[in-house]
1. Output the peptides 43-52, 101-110 sorted from most to least packed, where packing is the average of other Cβ atoms within 10 Å over each peptide's residues.
2. Could you tell me what fraction of 2.2 N^0.38 Å the Cα radius of gyration of segment 84-126 comes to, as a two-decimal ratio?
3. Can you tell me the relative contact order of segment 330-401? Whole percent, Cα pairs under 8 Å, sequence separation 6 or more.
Amino acid sequence: LRQLIPVPQTLTSPLPSSHSYRGLTLVLTFLSYTSYHLSRKPISIVKSQLHPNCSTLGPNPHNDSNNTNWCSWAPFDGDNYKELFGVLDNAFLVAYAIGMFISGIFGERLPLRYYLSGGMVLSGLFTALFGLGYFWNIHVLWYFIVVQVCNGLVQTTGWPAVVACVGNWFGKGKRGLIMGIWNSHTSVGNILGSLIAGAWVSSAWGLSFVVPGIIIIAVGIICFFFLVEYPEDVDCSPPLHHVMTTSEKDPEAVTSNEGPLSLSGQSSVDHSNSPKEPAEEPEAISFLGALRIPGVVEFSLCLLFAKLVSYTFLYWLPLYIVNVAHFGAKEAGDLSTLFDVGGILGGIFAGLISDYTGGRATTCCVMLVVAAPMLFLYNHVGQNGIGTSIAMLIICGALVNGPYALITTAVSADLGTHESLKGNAKALSTVTAIIDGTGSVGAALGPLLAGLISPTGWNNVFYMLIAADVLACLLLARVVVKEARGWCGPMARQRGYVVT
C-alpha cells in the first residue's frame, strides 16, 4: 500500500537533505504525540469539578439542605464518585490496552501517514464529544463510558506510528539521548493539557475537552500533508541500525561494548547505501515472531508495572493534591504539571546514561529502585510546604517516568531493529505495540486500583505504587545480568584475563 499511496513529493521536495527530513520527522511526531497526551489529560483535571466540595460555594440555592452535593455533575454526585471515576478511566485504558496489540499489526501494513492522521482526527472527535456532554447537559454514565472506550481505541494509532517513523529515520547512534529528548512530548502534552483544561475547568469544563480535541485534529491534518514515513521515499539513505562487525557478535548474550541490547552482528554497508526495491521489501513480522525477539517479554512486563505507576499519577495526582493539600481545582492542576516537568528531565537523563553505558535495563532498574523510597517520602512529607511539594514532585516525576520513557522509545526501537531480524525494518510498529500494549494493561489497572483503594486511605494507594515499582525492577533482573556480563568481558580482557 505504501507504494500505491506515495508521499506527496510536491510538499516535500523543497527540503534539501536527509538532515532536514530527520528534523521534520522529529518535529511532526513530537507535535503529534504531544497532542495525543494533551487530549488525555483533561479528565484528571475535570474530576475535581465533577464532584467538588459544595460547602465552599455557600448555601444550596435550590433550598434543599439535605443535598450536600448539589453542585456536583450527575452521575458523579453520589458517594461512590471515586469508583465511577475509576470506571471512567478504566474504560479508556482497557480499550487502549486491547487496541494497542492490534494497532501495531495494522501500523506495519498501512501507510503510517494515513494511519496516524486518521487516528488523530478521530481522537479529536471523541475528545470533543466528552466535553460536549457539558453543553448538551448529559447526565448518563453510559455516554461518557462509550466515548472513553471509542477514544481509547483510536488513540492506539499514535504510539506505534510515531516510534516507527522515528526509528525509520534514526539508527543506533545516540538513539537513547535523541529519543529521550523527543519523548518529552509526553510530559509537554500533559503540561499543556493541564493548563488548557485548567483555564476552563471552573467556568465551563466542557471546553477543557473541546479545545484539546480541536488541537489534535489540526495537528493530524498537518501530519497528513508533511510527514515522510521512510528515507527511501525521498531518495535518502536509510540509517545504520547495526554498528558492530560480525566478528564481535556473541550469539547468546549479544554482549558488546554497548551492552546486551546492542544491535550488533550486521554489516552496515549492506543496508545503508542501496535504495530499497519494492520487490525485495520484507514481510511484516508476526505477533509471535516479535515475542521471540530477546528482551521483548522482559521489557513488556516491566513496563506493565512502570506504566501502572505513571498513569496512576496521570489520572489521580490532581485529585490527591486537592484532598490532601486542600488546593483548588485549578491550582492542583497547575501543581501537578511539575510531575511532568520531572518526567522530561528523567527521560533525557535515562537516555543519556543508557547511551553512555549501553545498559538500558540497568538504567531502568536503578531509577526504579530509587523511585520506591521517594514515593514513600512524597506521601508523608510532600505536603509539608510548597517548596517541599515542588521538589518532591519533580524528583518523583523523573524517577517514575524515566524508565517508562526509556522503554517505550529507545528500547522499543532497539528491539524493533534487533540483529535477529536480519535487517527487516518491518517490525518496529509491532514490537512497539506489544511493549506499549502490555504496559497499557498496567496503565488500566493503576487508576482502577487507585479508585478502589483510595476510599481506604491514600497511604494504601502509595503502598500499591511502591510494590509495583519493585516488581518492575525484579522483572528486568535477567537482562541486567546479561548487561553486567557484557561489561565484565571487556574489563577482564583489559586486565589480561581470558573470558570464555
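1. 43-52, 101-110
2. In units of the globular-protein estimate, segment 84-126 measures up at 1.36.
3. Relative CO of segment 330-401 lands at 56 percent.
Read the figures in this text as sums done on the coordinates, not as results from a lab. Everything numeric in this text was worked out from a predicted model, so none of it was measured. Positions of Cβ are generated from backbone atoms using ideal geometry, with glycine treated the same way; all protein chains shown enter the neighbour counts.
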